[in-house]
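Each value in this text was obtained by applying a stated rule to the coordinates, not by laboratory testing. Given the structure is predicted, the values throughout are model-derived calculations rather than measurements. For neighbour counting, all protein chains shown are included, and Cβ atoms are generated from backbone atoms with ideal geometry for every residue, glycine included.
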């Protein structure tokens, strides 16, 4: 049995031979015996250890057993320790009565009845061990109760997030689907009326562009949901290849210029030439698209600036808008799943773009930070290490497992 699981017993007597004899009588594997030859030494031990029982000799020089018992009963740490007195004095001295007055649970007369001593000590040790076991079980129950409460709260939160998410998905998918449905009904009506002018080359191009926009919106929503599922299951992988980041950022900005223009935002681009490293081109493009989408969505139809620089083997992409900005307390929350800014006039998106971007950048051993002042827009800085060929090979190997 480990020492910290054993019951501790204290015996106090001014005569070493008495201590040794009593110790021999009560010693067992499940207990540790401490001895003291004075009241002062006993108090020092009592304040240091948690004892299952204290056996005190009544007649001791200096502080006697009764005085020691009174001190024990006046101290919070020791007042609950059972006390058994031992005395060589005759029964006519009425020590037993005084012992019970001071809070003793039993009184033994010398010469000691060995069997009785063993039996009494065994009872107190058993009671002590039972109390400790009850305390342990209560602690376990309390810990389990807290775990259950925390789990219940997590489940309730997860259920709420699921319900909110399903409601959000339904709302976001309904918008492009309704638009496509209305467009289809209108075209069918035009065909039934023989209005072929509505299908002129110019009108067809406009129709195709509108349909493409709505379809891309739905594909993006579904892709975001798939990415979140992969991140949650730990299956999101990257496949780094040598990538010209300068060309990638320029291409993405050019490709999104029409969307930004439709939102009333002019895109301004400043790119350092020749920024080349090893990244997953598709995933980095996804990060830039998410940041640009966020910028013109919350940019209040003001210019959005995109810059790319490289220094000290780190590429930095900065996307800055001049829109509503982000309060300080919200600047970390926006990188969590399904978090969106409280902008009543903006209801697009599932609130997953920044969460996905954060995870993709982290997968490249990079970082993404936001700097913002409410009302003055926001800056998102993406830092990507210019990985070496060896790092690229290692990342590719990890991605293959």
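Modelled spin-label separation between residue 272 and residue 153, with each label point placed 7 Å from Cα along the Cα-to-Cβ direction: 4.5 nm. Taken as Cα centroids, region 42-63 and region 279-322 sit 74 Å apart, rounded to the nearest whole angstrom. Packing-based ranking of 65-71, 152-158 yields 65-71, 152-158, ordered from highest to lowest mean Cβ neighbour count within 10 Å. Highest mean first, the peptides 108-114, 74-80 sorted by other C-beta atoms within 10 Å per residue fall in the order 108-114, 74-80.
Kirkwood-based Rg over Rh for region 1-91 (C-alpha set), two decimals?
Taking Rh as the inverse mean 1/r over Cα pairs, Rg/Rh reads 0.95.
Note on residue 190 and residue 331: the extension gain reaches 45.8 nm, defined as 0.36 nm multiplied by sequence separation minus the Cα-Cα distance.
Return one quarter of the surface area of the convex hull spanned by the alpha-carbon atoms of region 237-331, equal to its mean projected area, in nm².
The orientation-averaged projected area of the Cα hull of region 237-331 comes to 6.8 nm².
A simple spin-label model places pseudo-atoms 7 Å from Cα toward Cβ; at residue 29 and residue 67 they are separated by 4.2 nm.
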